[in-house]
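Written below as structure tokens is the structure these notes are about.
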Amino acid sequence: MLNSLPVPSSLHLARWRKLLPQFETLEASLQNESDRELRKRSLSLRFQAKSGEKLRNLVPEGFALMREAARRTLGMRHFDVQMLGGLALINNCIAEMETGEGKTLTATLPMYLHALIGRGAQLATVNDYLAERDAETMRPAYEMLGMTVGVVLTPDKPDQRRAAYACDITYGTAKEFGFDFLRDRLLLRRMGRDASDFLGEGSSQRWDASGEQPVQRGAHFALVDEADSILIDEARTPLIIGTLGGKAREQVEATFNWAAANAEKFIEDQHFDYEHDTKKVELNAAGRQLLRSLPTPPVMRSVGLIDLYQYTERAIKVQRDFLFETHYVIDEGEIVIVDENTGRRAEGRKWRDGIHQAIEAKEQLEVSVPTGQAARITIQDLFLRYRHLAGMTGTAISAAREFRKIYKMPVVRIPTNRPSRREQLQDQIFGNARRKWEAIAAEVHQLHQAGRPILIGTKSIDKSELLSQLLAKLGVEHQVLNANEVAKEAEIVALAGQPGRVTVATNMAGRGTDIKLGEGVAECGGLHVICTELHDSARIDRQLIGRCGRQGDPGTFRKYMALDDEILKVGFGPQTAERLASKGSAQEEEMNSYGTQFLKSQRKVERKHFRDRSILLHHEKERKKMQREMGQDPYLDTAD
Ligand SMILES: Nc1ncnc2c1ncn2[C@@H]1O[C@H](COP(=O)(O)OP(=O)(O)OP(=O)(O)O)[C@@H](O)[C@H]1O
Ligand SMILES: [Mg+2]
């Protein structure tokens with residue numbers, strides 16, 4: 001009752017279905033035309049769009065063209081349900097299409113249509129792997145219709161970014177889109193332009209300023225993939241850029257990098273002393289001499305010697321004491337601290353006194369120069385700025401109320417192309433975690449021997465390690481992914497459907513990743529997915545489960561729970577959770593009656609997060625209103 005505001009999906013769908021025959025008639029007439037003729041038609045559509053023809057009127061021919069182009073270039077013809085999905089997206093809805101139904105291909109329809117106007121169409125997703133994969137797989141179809149395609153990836157330099165945004169169609173992550181927006185905003189202010197005449201209007205105006213130029217060209221249309229993750233879960237995440245600009249920033253960055261590159265030349269006891277109780281590194285005379293003999297780039301010319309000693313000592317300390325995977329991991333080009341006690345990722349936390357930056361330099365990442373805040377925007381505000389916004393995901397319905405409230409976007413549920421063959425096996429509930437993990441390992445062992453591939457989602461790195469040890473004891477060969485770098489992991493998760501493969505990953509790694517079944521796997525039942533614990537949000541569980549049974553493939557999944565699971569503590573509070581846990585430990589079997597408790601607790605946690613987000617939203621709104629009233633840019637700090 002609480003989450004399910006009646007969504008008239010059926011009404012929308014009934015209306016849109018009427019267009020399907022029209023698409024087919026048009027498509028039939030296109031089939032006899034040459035590639036060149038298709039492109040000519042596309043050009044003519046572009047002309048019509050630019051001369052002010054309503055996009056709505058270009059939908060039939062535009063969609064039919066895209067369908068035909070995809071068939072010719074990709075060997076995939078948009079299913080009818082994908083055409084319906086495309087219509088939902090062109091109508092600024094959130095399209096819920098089951099995992100594995102082909103949202104990547106569906107996206108080409110609204111992307112192509114909006115790109116016709118010539119102000120760019122942007123597809124935002126959750127990681128670099130997906131951005132690049134989707135841009136590259138869909139590129140041939142777009143290009144057949146004369147559309148250019150660009151991708152913005154985390155390591156890209158400004159020139160590459162500008163080129164990517166200048167394309168008709170641009171893929172990238174929400175985060176990169178946001179940071180580029182902020183960097184442009186700061187630049188425009190430095191250039192003394194009124195930002196508002198450039199941004200928000202979707203203008204394609206070129207800039208003649210000497211040297212630096214903005215990379216983006218306005219906010220016309222954004223299609224957000226994994227919309228629940230980006231627009232709901234990450235909505236409040238602020239993207240922040242510091243104040244140190246231009247030369248000063250370059251110098252600090254260069255010095256961190258220089259120190260990191262040279263750190264290994266210094267040898268303990270020969271060049272520096274290490275004090276074990278204070279963990280301090282200090283260069284000795286020989287070390288200082290070595291340092292002075294090292295060449296420095298011109299940009300570092302004005303860095304003082306004392307500073308150089310400090311930078312170097314810090315770099316040595318980081319080499320020595322801060323270990324990859326033990327103390328930190330890397331996620332999309334960022335250092336994420338691993339809490340030493342829990343083995344969990346401490347998202348958002350940073351080491352102080354330049355240590356964090358020294359580690360970034362050591363890992364050859366972009367150095368986040370420590371400075372005050374100069375510009376910030378939340379993911380939510382970023383997307384609310386687009387003139388047209390649409391979203392798609394496999395898991396939207398349970399967040400329908402929030403989508404409506406915050407974005408005024410209705411969720412439309414698109415039916416599947418073929419009935420799903422994903423089968424849920426009976427939940428397994430245990431008195432305590434130990435028994436649960438043993439049962440999981442035993443199930444993996446058994447299915448593995450039968451030759452089935454298995455994907456196991458865990459909630460944290462330490463739990464992955466625990467399971468890994470149990471599996472090793474049973475002699476089950478497996479892959480453990482430790483959320484070091486989500487994009488790389490996605491590539492490995494994509495292989496999880498190969499015969500006999502066992503993949504242990506954190507729940508997050510799966511989102512959006514397409515797992516194709518290896519030879520013979522479908523015959524023995526497809527991929528089996530194991531949820532080892534309920535997540536805070538059922539949507540995350542559904543995403544993991546959605547890695548199997550894609551495109552009508554066979555597949556199974558099972559959820560495991562234990563009475564001392566986190567979810568019960570967060571949902572019911574420690575006392576109730578404690579009572580349940582002690583009840584559970586006394587009982588040997590027959591735990592299934594507790595199933596509803598878990599779901600109830602998960603709902604509670606979901607509602608709590610929803611409330612937290614609403615409160616934040618309210619505060620943010622007030623803050624922006626105040627700044628506007630004072631004539632300030634709500635995204636920029638006042639001090640320059
Ligand atoms: N019209 C089509 N014809 C043939 N194959 C298709 C078609 N549409 C999609 N597919 C295939 O379906 C698979 C799943 O597609 P995709 O990864 O886009 O799904 P998705 O809906 O984005 O899933 P997720 O929610 O997990 O991101 C891919 O292997 C893709 O090639
Ligand atoms: Mg997808």
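Details
- Across the range 266-299, the number of residues qualifying as among the hydrophobic types (A, V, I, L, M, F, W, C) and farther than 30 Å from Lys247 by Cβ comes to 4.
Residue by residue, here is whether (1) among the hydrophobic types (A, V, I, L, M, F, W, C); (2) touching a Lys or Arg at 6+ places or on another chain (Cβ under 7 Å); (3) under 30 Å from Cys524 (Cα atoms) holds:
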{"residue": "Gly555", "(1), (2), (3)": "no, yes, yes"}
{"residue": "Gln575", "(1), (2), (3)": "no, no, no"}
{"residue": "Ala581", "(1), (2), (3)": "yes, no, no"}
{"residue": "Lys624", "(1), (2), (3)": "no, no, no"}
{"residue": "Arg628", "(1), (2), (3)": "no, no, no"}
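- Every residue from the range 154-166 that is in contact (Cβ under 8 Å) with a residue 12 or more places away in the chain and either in a helix (DSSP H, G or I) or in contact with a Phe, Trp or Tyr (Cβ under 9 Å, 6 or more places away or on another chain) (or both): Pro158, Arg161, Arg162, Ala163, Ala164, Tyr165, Ala166
- Screening the range 74-92 for residues that are more than 12 Å from ligand 1 (Cβ to nearest atom) and more than 17 Å from Glu24 (Cβ to Cβ) and picking the one that is surrounded by the most Cβ atoms within 10 Å (Cβ to Cβ) gives Leu89.
- Out of Leu474, Leu470, sole residue that is surrounded by fewer than 20 Cβ atoms within 10 Å (Cβ to Cβ) and touching an Asp or Glu at 6+ places or on another chain (Cβ under 8 Å): Leu470
- Qualifying residues in the range 76-129 (those that are touching a strand residue (DSSP E or B) at 6+ places or on another chain (Cβ under 7 Å) and at pLDDT below 95) - the one farthest from Arg539 (Cα to Cα): Asp128
- Any hit, the range 235-249, residues being of a type in the set (A, V, I, L, M, F, W, C) and either within 16 Å of ligand 1 (Cβ to nearest atom) or touching an Asp or Glu at 6+ places or on another chain (Cβ under 7 Å) (or both): no
One line per residue, one yes/no per condition, for (1) assigned by TED's automatic domain parsing to the domain that holds Ile406; (2) surrounded by 24 or more Cβ atoms within 10 Å (Cβ to Cβ); (3) under 12 Å from Asp225 (Cβ atoms):
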{"site": "Ile94", "(1), (2), (3)": "yes, yes, yes"}
{"site": "Gly100", "(1), (2), (3)": "yes, no, no"}
{"site": "Thr104", "(1), (2), (3)": "yes, no, yes"}
{"site": "Pro110", "(1), (2), (3)": "yes, yes, yes"}
{"site": "His114", "(1), (2), (3)": "yes, yes, no"}
{"site": "Ile117", "(1), (2), (3)": "yes, no, no"}
{"site": "Leu123", "(1), (2), (3)": "yes, yes, yes"}
{"site": "Arg139", "(1), (2), (3)": "yes, no, no"}
{"site": "Val149", "(1), (2), (3)": "yes, no, no"}
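Here is a yes/no grid of residues against (1) over 21 Å from Asn482 (Cβ atoms); (2) more than 29 Å from the chain's Cα centre (by Cα); (3) not assigned by TED's automatic domain parsing to the domain that holds Ala254:
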{"position": "His276", "(1), (2), (3)": "yes, yes, no"}
{"position": "Ala286", "(1), (2), (3)": "yes, yes, no"}
{"position": "Gly333", "(1), (2), (3)": "no, no, no"}
{"position": "Glu340", "(1), (2), (3)": "no, no, no"}
{"position": "Ala358", "(1), (2), (3)": "yes, no, no"}
{"position": "Ala361", "(1), (2), (3)": "yes, no, no"}
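- Flag set for Arg139, criterion: without any contact (Cβ under 8 Å) to a residue 24 or more places away in the chain and assigned to a helix (DSSP H, G or I).
- For the range 380-402, filtered to residues that are among the hydrophobic types (A, V, I, L, M, F, W, C) and in contact with a Leu (Cβ under 7 Å, 6 or more places away or on another chain), the residue that is farthest from ligand 1 (Cβ to nearest atom) is Phe383.
- Evaluated against (1) within 16 Å of ligand 2 (Cβ to nearest atom); (2) in a helix (DSSP H, G or I); (3) of a type in the set (A, V, I, L, M), Val252 falls short on exactly one condition, (1).
- Checklist (1) within 16 Å of ligand 2 (Cβ to nearest atom); (2) small (Gly, Ala, Ser); (3) at pLDDT below 90 applied to Gly497, failing item: (3)
- 1 or more residues within 16 Å of ligand 2 (Cβ to nearest atom) and under 28 Å from Lys408 (Cα atoms): qualifying helices (runs of 4 or more DSSP H) within the range 30-102: 80-90
- Count - residues of the range 67-89 that are farther than 22 Å from Leu130 by Cβ and either among the β-branched types (Val, Ile, Thr) or without any contact (Cβ under 8 Å) to a residue 60 or more places away in the chain (or both): 4
- Apart from one condition, Arg421 fits all of (1) within 16 Å of ligand 1 (Cβ to nearest atom); (2) touching a Pro at 6+ places or on another chain (Cβ under 7 Å); (3) within 30 Å of Ala115 (Cα to Cα); the exception is (3).
- Residue ID - surrounded by the fewest Cβ atoms within 10 Å (Cβ to Cβ), chosen from residues in the range 202-236 that are of a type in the set (S, T, N, Q) and modelled with pLDDT of 80 or more: Gln213
- Within the range 519-549, being farther than 30 Å from Lys600 by Cβ and either without any contact (Cβ under 8 Å) to a residue 40 or more places away in the chain or not aliphatic (A, V, I, L, M) (or both) holds for Glu519, Gly520, Ala522, Glu523, Cys524, Gly525, Gly526.
- Filter pass, Ala115 being of a type in the set (A, V, I, L, M) and either under 25 Å from Lys175 (Cα atoms) or touching a Cys at 6+ places or on another chain (Cβ under 8 Å) (or both): yes
- Failed criterion for Thr148 (all others in (1) among the polar types (S, T, N, Q); (2) away from ligand 1 (no atom under 13 Å from the Cβ); (3) within 18 Å of the chain's Cα centre (by Cα) hold): (3)
The values are calculated or read from the model by the stated rules, or taken from the named source; none is laboratory data. Here the structure is a predicted model, which means the values were calculated and not measured. All Cβ positions, even for glycine, are placed from backbone atoms using ideal geometry, and neighbour counts span all protein chains on display.
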